[in-house]
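Visitor: Input: one structure, supplied below.
Read-outs: derived from the displayed coordinates by stated rules, not from any lab. Not measured: the values here are computed from a predicted model. Here the Cβ is made from the backbone with ideal geometry for all residues, glycine too, and neighbour counts use every protein chain on show.
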Amino acid sequence: MATLELSETTPEAADDGVWLACIDCGESFAPFDAVRYTCDECDGLLEARYEHYPTFADFGTGGDHPARPALDESTSLGVWRYAAALPFEEGVSLPEGDTPLYEVPRLEGDLGVRNLRIKHEGMNPTGSFKDRGMTVGVRVARELGVDRLACASTGNTSAALAAYGGRAGLETLVLLPSGKVAAGKVAQAALHGARILEVDANFDSCLDIVQNLAARGEAYLLNSLNPFRLEGQKTIGFEILERFYAETGRFPDRIVLPVGNAGNTAALYKAFRELVESGALAPGDVPKLTGVQAEGAAPMVEAVENDADEVRRWEAVETIATAIRIGNPVNAPKALPGIRETGGTAVAVSDDEITDAQRALAAEGVGVEPASAASVAGLRRLREDGVVDAGEDVVCLTTGHLLKDPDAAALAGRDPEPVANDTDAVLAHLDGRSGSLAARLRRRLP
Ligand code: F0G
């Protein structure tokens, strides 16, 4: 089991109060002296650690829990408002974060929980939460002086990397599973100037290749295996806690989120651990992290259900939610303790349940891509199974925008109806051809 205890004496390797620590053996490393993704000693995952962990007041809100600082010209909103919890004061920013926390009263009533909010990360600059990771990750890339950035991607990471890499003036290279990436994402990566390599394999194999390229010094890896990506993504957790508290006077009981590589699960858990460490959050107030996967790509769910310490790699994966079509969640060693220690769980949902949830969100004006809707589909399933009770305050994370996957949206939505170029024909069509009472009455109008 990973050592996820944060409090330790500052090691010599620390640079300005920041260092990297191995979650398996505890070895510490200087954060910016060399490119490093995993532990030199045991190959375990690395995590950023700090001399000081933040309280809510450190986020510039001037109080214990207010949601947002007073606005003046010097106030940075979004990810960099949380600089006290990040390795730098500012980054390569578009800017990102400060996404809405929507009320969805009809869905809330339908699912039968006390409060339901949707944290819509699709409202970030490139339309997904990946922007939060890239603003920090690309800043670190600059610090390290690398010149080529790379990632494997189911789509959103590639779009964000292309945009942020372009902004920083760095070359970007993305490896995509051929034919399995939604159209909007490929278009973004292409237009923002990434070199796109399509591999005839699934995402997990693309990531294997990018890791090999990174190990050979050919590129700087910006998948969520990179610990600094997760530092940026922590800010989702800070925003949810602040805003939910400001609106309800409580912290949410549960956060439900889609899981692919399990980076967000790990990042949210880290945000909560840091706030607990600083004393800003009572251990009993930490939301239960609840992961959702598609039935055709559910290795994390399998591990949680079997109470296993390790996640089995699924070689064959399939789902309409292509963003989470992943069989080897590389952040599992960070995310599994997060699910377990917060009292959360993991659940798998079918593609039909995902599409139904996508429609239900869209009906309330919230447009998300299929992977995002998995969170709501999972909540529905857990309510039906009695795992989530009616008294709970729940936040579902929706990770990407509807326009990312226009084909899935068109399939889930209504079909366009062809009509003649004629007003009467349009009215007749709307009323049904046989001529309804309304149509007959209308015909009598002058
Ligand atoms: N939702 C969306 C829309 C995603 O794009 C991803 C991951 C996830 C959820 C899963 O998040 O990996 O932190 O558990 N997309 C990556 C990509 C893999 O390449 O865009 P996770």
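Visitor: Go ahead and run the numbers for FRET between Cys42 and Asp208, Cβ-Cβ distance against an R0 of 30 Å, rounding to 0.05.
Guide: 0.95
Visitor: Here's something else I'd like to know. Points 7 angstrom from Cα along the Cβ direction at Glu364 and Glu277: gap in nanometres?
Guide: With each label placed 7 Å out from Cα toward Cβ, I get 3.5 nm.
Visitor: Find the eigenvalues of the gyration tensor of the Cα atoms of the range 198-263, then list the square roots of 5 times those eigenvalues as equivalent ellipsoid semi-axes, largest first, in whole angstrom.
Guide: With the √(5λ) rule applied to the range 198-263, the semi-axes are 35, 14, 7 Å.
Visitor: Once you charge only the Cβ atoms, +1 for Lys and Arg and -1 for Asp and Glu, what is the size of the charge dipole of the range 1-58 about its Cα centre, to the nearest 20 debye?
Guide: Magnitude of the dipole: close to 140 debye.
Visitor: Once the dipole of the range 128-229 is set up with Lys and Arg at +1 and Asp and Glu at -1 on Cβ about the Cα centre, which of Gly165, Ala214, Ala182 lies farthest towards its positive end?
Guide: Looking along the dipole axis, the top candidate is Gly165.
Visitor: Let me ask something additional. Return the whole-Å distance between the Cα centroid of the range 288-356 and the Cα centroid of the range 105-153.
Guide: Using only Cα atoms, the two centres lie 18 Å from each other.
Visitor: Given Cβ point charges of +1 (Lys, Arg) and -1 (Asp, Glu) and nothing else, what value in debye, to the nearest 20, does the dipole of the range 267-309 about its Cα centre take?
Guide: Here the range 267-309 has a charge dipole of around 240 debye.
Visitor: Dipole magnitude of the range 128-229 about its Cα centre, charges +1 at Lys/Arg Cβ and -1 at Asp/Glu Cβ only, in debye to the nearest 20?
Guide: That gives the range 128-229 a dipole magnitude of about 340 debye.
Visitor: Report the gain in length on full extension from Glu198 to Glu247: 0.36 nm times residue separation, minus Cα-Cα distance, nm rounded to one decimal.
Guide: 13.1 nm
Visitor: Report the label-to-label distance for Thr10 and Cys25 in nanometres (one decimal), using points 7 Å from each Cα along the Cα→Cβ vector.
Guide: Rounded to a tenth, the inter-label distance reads 2.6 nm.
Visitor: For a protection proxy built on the mean count of beta-carbon atoms within 10 angstrom, sort 367-377, 302-312, 216-226 highest first, please.
Guide: Packing order, densest peptide first, comes out as 367-377, 216-226, 302-312.
Visitor: Tell me the angle of helix 370-384 to the major Cα principal axis of the chain, expressed in degrees between 0 and 90 and rounded to the nearest ten.
Guide: 90 degrees
Visitor: Right, something else. Which net charge results when you count Lys and Arg as +1 and Asp and Glu as -1 among the other residues whose beta-carbon is under 12 Å from that of Ser7?
Guide: Result for the neighbourhood of Ser7: -3.
Visitor: What does the net charge come to around Ser28 if you take all other residues with beta carbon closer than 10 Å to its beta carbon, with K and R at +1 and D and E at -1?
Guide: Taking every Cβ under 10 Å from that of Ser28, the sum is -2.
Visitor: Highest mean first, what order results for 419-431, 324-336, 268-280 on Cβ atoms within 10 Å?
Guide: 324-336, 268-280, 419-431
Visitor: Need one number: the % of Cα-Cα pairs in the chain sitting beyond the 29 Å mark.
Guide: 45 percent
Visitor: Full extension from Glu318 to Val426: what is 0.36 nm times the residue separation minus their Cα-Cα distance, to one decimal in nm?
Guide: Taking 0.36 nm per residue and subtracting the Cα distance, the gain is 34.7 nm.
Visitor: Distances over 22 Å make up what percent of all Cα-Cα pairs in the range 214-365?
Guide: The share of Cα pairs beyond 22 Å in the range 214-365 comes to 46 percent.
Visitor: Let me ask something else. Counting just the Cα atoms, what span does the range 128-229 cover along each of its three principal axes? Round to the nearest Å and put the largest first.
Guide: 35, 27, 20
Visitor: Something else: At q = 0.12, 0.14, 0.21 Å⁻¹, what is the base-10 log of I(q)/I(0) for the range 349-432 according to the Debye formula with one equal point scatterer per Cα and no solvent? Please give it to two decimals.
Guide: So the normalised log intensities are -0.48, -0.59, -0.92.
Visitor: Which of the peptides 12-25, 387-400 is most tightly packed, and how do the rest follow, going by the mean number of other Cβ atoms within 10 Å of each residue?
Guide: Answer by packing, highest mean first, reads 387-400, 12-25.
Visitor: Same structure again: Grab the DSSP H runs of the chain that are 4 residues or longer, score each as -39,500 (n - 2.57), total them, divide by all residues and round the 222 nm result to the nearest 500 deg cm²/dmol.
Guide: The helix contribution divided over the chain gives -11500 deg cm²/dmol.
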